[in-house]
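Asks: Let me begin by handing over the structure; questions about it come next.
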Amino acid sequence: LALSPQLVALVTLICFAASHSHEAYTALAAMEVAITVLLFLLYLLQLDKRLSWFFWPLADIFNSVIAALFLLIVCLFAVIIKTNSGTLVGGVFGLILLALCIVDAVLLFQKINFGRS
């Protein structure tokens, strides 16, 4: 499950870019690929422990929620308008990424205890 959002975001980006769909679709997918890769590297290199003054899990939750909102809007438009098959496939993978973002946000929120024991 750790690499699945990055892979789905990459497939979404490739589908939107290859189909020459609207720039907003491609930009959103590229932004999500970049952010998820950067957060993955942050945790992989354990930079979150060095920058302990910032609460990284909460930032990851906000990223997942905001990405889910943008993906909902953009990918629904991509699926509804479906200018070509690449846009349709990119929209479907974007909706799968939306579900993964929601699952990620819920699982992270359950791990955070906010000082409760």
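The values are calculated or read from the model by the stated rules, or taken from the named source; none is laboratory data. The shown structure was predicted, so the numbers you read here are calculated from the model rather than taken from an experiment. For neighbour counting, all protein chains shown are included, and Cβ atoms are generated from backbone atoms with ideal geometry for every residue, glycine included. Side chains included, ligands, DNA and RNA excluded: accessible areas come from the protein's heavy atoms. Shrake-Rupley method; radii C 1.70, N 1.55, O 1.52, S 1.80 Å.
Asks: I need two numbers for the chain: Rg to one decimal and Dmax as a whole number, Cα atoms only, in Å.
Replies: For the chain, the Cα radius of gyration and maximum Cα-Cα distance read 15.3, 52 Å.
Asks: Can you give the FRET efficiency to the nearest 0.05 for residue 73 and residue 53, using r as the Cβ-Cβ distance and R₀ = 35 Å? Walk me through the intermediate numbers first.
Replies: Working: r = 33 Å, r/R0 = 0.95.
Here the calculated transfer efficiency is 0.55.
Asks: Further question on the same structure: Round to a whole number: what % of the accessible area of the range 1-51 belongs to carbon and sulfur, probe 1.4 Å? Please report the intermediate quantities before stating the final value.
Replies: Details: 2360 of 3110 Å².
After summing per-atom areas, the C and S share lands at 76 percent.
Asks: Provide the FRET efficiency to the nearest 0.05 for the residue 108-residue 17 pair, computing r from the beta carbons and using R0 = 25 Å. All intermediate terms of the calculation are to be shown ahead of the outcome.
Replies: On the way: r = 29 Å, r/R0 = 1.16.
Once the sixth-power term is evaluated, E becomes 0.30.
Asks: For the chain, what is the accessible area per residue in Å² when the probe is 1.4 Å? Let's see the in-between values first.
Replies: Details: 7270 Å² over 117 residues.
Heavy-atom SASA per residue in the chain reads 62 Å².
Asks: A follow-up question, please. Taking only C-alpha pairs under 8 Å that are 6+ residues apart, what is the relative contact order of the range 2-117 in percent?
Replies: On the way: 115 pairs, mean separation 41.6, N = 116.
Contact order relative to length: 36 percent.
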